[in-house]
Amino acid sequence: MNKREVVKHLLLLAAALSISAIYILPKDLKSMPLYERYRVLADGFTIPGLLLVCFGLLLYLSNLGALDGFLYGVRTAVNMLLPIFKIGHRSSGQESYGEYLERRKSNRIHGYAFILHVGILLMIIAVYFILRFNKVYN
């Protein structure tokens, strides 16, 4: 892993941990019972972890082409309803679906795995706190 990849991971991890902190810090953890602390911590790490994993999976599915038909339909509808935006590459007429697919194949997204890595790490931390919660609560 090169330096740039490490920086991307650390920046996203810092952003995700700040989201966790926004959820966790307003709660008064010291006055809560132990099981409640574990529940709040599990929730705090689950929220950004789940968001990152879902966003990473959407990027992966989009990269495979699973969303190409939907995206083409939305772009076509926007061009028909709001022609001033002209979202497309052809000035005369509408881009065909085949042309759109060829253009999308050449412009696939790369370098998004770090989103999944950070999301999975946060989900592992959340599962740890869930297991601790279950051990203390039961």
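The values are calculated or read from the model by the stated rules, or taken from the named source; none is laboratory data. Please read all numbers here as calculations on a predicted model, not as lab measurements. Please note: Cβ atoms are built from the backbone with ideal geometry, for glycine as well, and neighbour counts cover all protein chains shown.
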Can you tell which of LEU34, LEU116 is more than 30 Å from VAL7 (Cα to Cα), at pLDDT 90 or above and either among the hydrophobic types (A, V, I, L, M, F, W, C) or buried (at least 16 other Cβ atoms within 10 Å of the Cβ) (or both)? LEU34
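Can you report the number of residues in region 73-85 which are surrounded by fewer than 10 Cβ atoms within 10 Å (Cβ to Cβ), modelled with pLDDT under 80 and either hydrophobic (A, V, I, L, M, F, W, C) or assigned to a helix (DSSP H, G or I) (or both)? Quick ask: steps written out before the conclusion?
Residues of region 73-85 surrounded by fewer than 10 Cβ atoms within 10 Å (Cβ to Cβ): 80-81, 83-84.
Keeping just the survivors that are modelled with pLDDT under 80 gives 83-84.
Within this subset, residues satisfying the condition of being either hydrophobic (A, V, I, L, M, F, W, C) or assigned to a helix (DSSP H, G or I) (or both) are 84.
Here the count works out to 1.
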When region 41-60 is examined, which residues are found to be under 19 Å from PHE133 (Cβ atoms) and without any contact (Cβ under 8 Å) to a residue 12 or more places away in the chain? none
What about MET1, is it surrounded by 12 or more Cβ atoms within 10 Å (Cβ to Cβ) and modelled with pLDDT under 95? no
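Go through the residues of region 86-98 one by one and say whether even a single one is over 30 Å from LEU10 (Cβ atoms), of a type in the set (Val, Ile, Thr) and modelled with pLDDT of 90 or more. Full working, then the answer.
Looking only at region 86-98, we keep the residues that are over 30 Å from LEU10 (Cβ atoms), and these are 86-98.
Checking the rest, the ones that are also of a type in the set (Val, Ile, Thr) come to 87.
From what is left, the residues that are modelled with pLDDT of 90 or more are none.
Checking region 86-98: not a single residue is over 30 Å from LEU10 (Cβ atoms), of a type in the set (Val, Ile, Thr) and modelled with pLDDT of 90 or more.
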Identify all residues within region 121-138 that are farther than 22 Å from PRO48 by Cβ and either among the acidic types (Asp, Glu) or in a helix (DSSP H, G or I) (or both); write none if there are none. LYS135, VAL136, TYR137
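Taking region 51-72, which residues are of a type in the set (A, V, I, L, M) and not in a helix (DSSP H, G or I)?
Kept after step one, since they are of a type in the set (A, V, I, L, M), are these residues of region 51-72: 51-53, 57-59, 61, 64, 66-67, 71.
Within region 51-72, ALA66, LEU67 meet the criteria.
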Output the number of residues of region 31-40 satisfying the condition of being within 17 Å of ARG132 (Cα to Cα) and free of Cβ contacts under 8 Å to residues at least 24 places away in the same chain. 5
Under 7 Å between Cβ atoms, at least 6 apart or on separate chains: pull out the pairs that start in region 61-79 with a residue that is closer than 19 Å to GLN94 by Cβ and end on any residue that is loosely packed, with under 15 Cβ neighbours inside 10 Å and among the basic types (Lys, Arg). ASN79/LYS86
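Can you pull out the residues in region 94-108 that are outside any helix (DSSP H, G or I) and exposed (fewer than 10 other Cβ atoms within 10 Å of the Cβ)?
Of all residues in region 94-108, those outside any helix (DSSP H, G or I) come to 94-96, 107-108.
The one that is outside any helix (DSSP H, G or I) and exposed (fewer than 10 other Cβ atoms within 10 Å of the Cβ): ASN107.
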